[in-house]
Amino acid sequence: YPAEIERLLLASPRVADAAVVRQPHEHWGEVPVAFVVPADPSLREEEVLQLCRGRIANYKLPKRVVLLEPRELPRT
């Protein structure tokens, strides 16, 4: 699901960049975590989740959102 979630986030003008990774989870095996570079400095974690709600299944929603500065998002 990471690419699907990233596409939703990047479609928003409030998001400059995003990366979604899997995090191990005791019960579910893995859950998505979104790392987001806001284009809008007022963007908050709950608002990032709202960008996804209703567009993907609830079980695909990121379980955690981490807001980063542009230089903090590692790229290879």
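The values are calculated or read from the model by the stated rules, or taken from the named source; none is laboratory data. Given the structure is predicted, the values throughout are model-derived calculations rather than measurements. Heads up, the Cβs are rebuilt from the backbone with ideal geometry, glycines too, and the neighbour counts pull from every protein chain shown. Areas reflect the complete protein model, heavy atoms only, side chains present, ligands, DNA and RNA absent. Shrake-Rupley method; radii C 1.70, N 1.55, O 1.52, S 1.80 Å.
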Discussion item. Can you tell me which residue is modelled with the lowest pLDDT among those in the range 1-44 that are in a strand (DSSP E or B) and among the small types (Gly, Ala, Ser)?
Written reply: 29
Worksheet, complete the sentence: Counted residues in the range 1-37 being touching a helix residue (DSSP H, G or I) at 6+ places or on another chain (Cβ under 6 Å), closer than 18 Å to residue 73 by Cβ and open to solvent by 70 Å² or more (accessible area, probe 1.4 Å) come to 0
Fill in: Positions within the range 59-76 being assigned to a loop (DSSP other than H, G, I, E, B), at pLDDT 95 or above and touching an Asp or Glu at 6+ places or on another chain (Cβ under 7 Å), in sequence order
none
Worksheet item: Residues of the range 45-55 being of a type outside the set (Asp, Glu), over 20 Å from residue 74 (Cβ atoms) and either touching a residue at least 12 places away in the same chain (Cβ under 8 Å) or in a helix (DSSP H, G or I) (or both), which ones?
Response: 49, 50, 51, 52, 55
Worksheet entry | Matching residues in the range 54-65 - criterion: being closer than 15 Å to residue 15 by Cβ and open to solvent by 30 Å² or more (accessible area, probe 1.4 Å) | 55
